[in-house]
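Since the structure comes first, as structure tokens, the remarks are kept for the end.
Rule-based calculations on the coordinates, nothing more; no lab input. Since we're looking at a predicted model, the values are computed, not measured.
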Amino acid sequence: MRETRPSGSEGGGAGIRSPYPYRCVGPPLRILPTMKRCAPLCCRVRAHPVLPPARQDAYSGRPMKSADDSPRRAFTLVELLVVIAIIGILASLLLPAVAKAQAKAHRAKCSSNLRQILIGAHGFYHEHDWFPWQQLPTNGGSQTLVETWRHFLLFSNELDSPKVLACPNDRARIGAGDFADTPRSLMNTNARNRAISYFAGMHAFYENTQTLLAGDRNIDNGTGATGSCGPARLASGATSFDPARLDRVKWGPELHGANGNIAFNDGSVQMLQGTNLQVQLQRGLTGGDPFNINHVLIPRVP
């Protein structure tokens with residue numbers, strides 16, 4: 001702010017314009033002739049602050065606005081719906097890929113479980129020269145026993161955990177915690193066949209490498225018929241595979257859809273479906289039954 005000084009009694013000059021932004025509120029000071037355009041000294045001075053000049057854009061020369069100058073703006077309903085739609089599209093693209101990868105991991109885990117069962121059964125055989133289902137309970141075997149879990153229990157010392165007896169894709173079966181006689185054990189009444197996802201091959205012979213030793217429990221012979229089994233001396237409960245009706249054999253939808261895993265006595269684990277399953281069953285036919293019918297013991301739950 002500019003101000004005009006009245007002429008003093010001394011110096012005889014006209015009023016002096018002060019370049020300083022102050023307004024004198026007291027009596028003026030007399031100015032000597034030798035003092036030109038000096039800052040007025042007053043007994044009481046009230047300062048008027050000078051605001052700094054606004055920042056200017058380097059290109060347009062216009063004043064720049066700070067973030068606080070612009071009004072805050074919320075999402076509109078249309079923008080919010082667009083964001084939700086984009087997220088939904090991304091989820092629809094990603095979820096099938098995640099589910100596919102998870103199913104593949106479960107199949108690999110299932111194959112690993114069956115391979116451990118193979119190693120355990122063979123370890124038991126090398127120690128006793130027979131599989132559990134080939135000797136009577138009085139001799140330490142599991143012949144005549146129609147509960148699948150009892151056959152696997154005999155070579156539990158060769159298995160790391162009873163959880164290998166449950167397929168990760170089998171939502172109807174939950175693996176037991178241990179093999180001991182505890183509430184979480186395989187022998188507990190709440191577990192037993194409810195903790196088993198694999199059948200036991202009653203016609204598995206060590207000399208015949210193509211025989212079925214274990215596999216997914218959802219194998220279906222096409223008729224649902226069960227009966228007796230000669231090698232395991234089972235009076236009933238064994239699922240039969242009649243050579244004349246192998247074209248009816250298929251997998252149920254519970255575990256891996258149209259596919260299923262089978263552990264063969266040669267130490268291999270194969271995922272089979274359709275014709276391949278029927279061919280392998282034909283190769284796995286063995287003696288020991290008067291009608292040459294192969295049998296497996298599926299872990300059924302009452």
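From the P(r) of the range 178-252, could you give the percentage of C-alpha pairs in the tail past 21 Å?
Result for the distance tail: 40 percent.
For a quick size check, give me the Cα extents of the range 84-156 along its three principal axes, largest first, whole Å.
68, 23, 13
To two decimal places, what compactness ratio does the range 101-297 give when its Cα radius of gyration is scaled by 2.2 N^0.38 Å?
The range 101-297 yields a ratio of 0.95.
Using Cα pairs closer than 8 Å and at least 6 residues apart in sequence, work out the relative contact order for the range 190-302, in percent.
RCO, the range 190-302: 36 percent.
Quick check: Cα centre of the range 157-184 to Cα centre of the range 215-291, how many Å?
When both Cα centres are located, 23 Å separates them.
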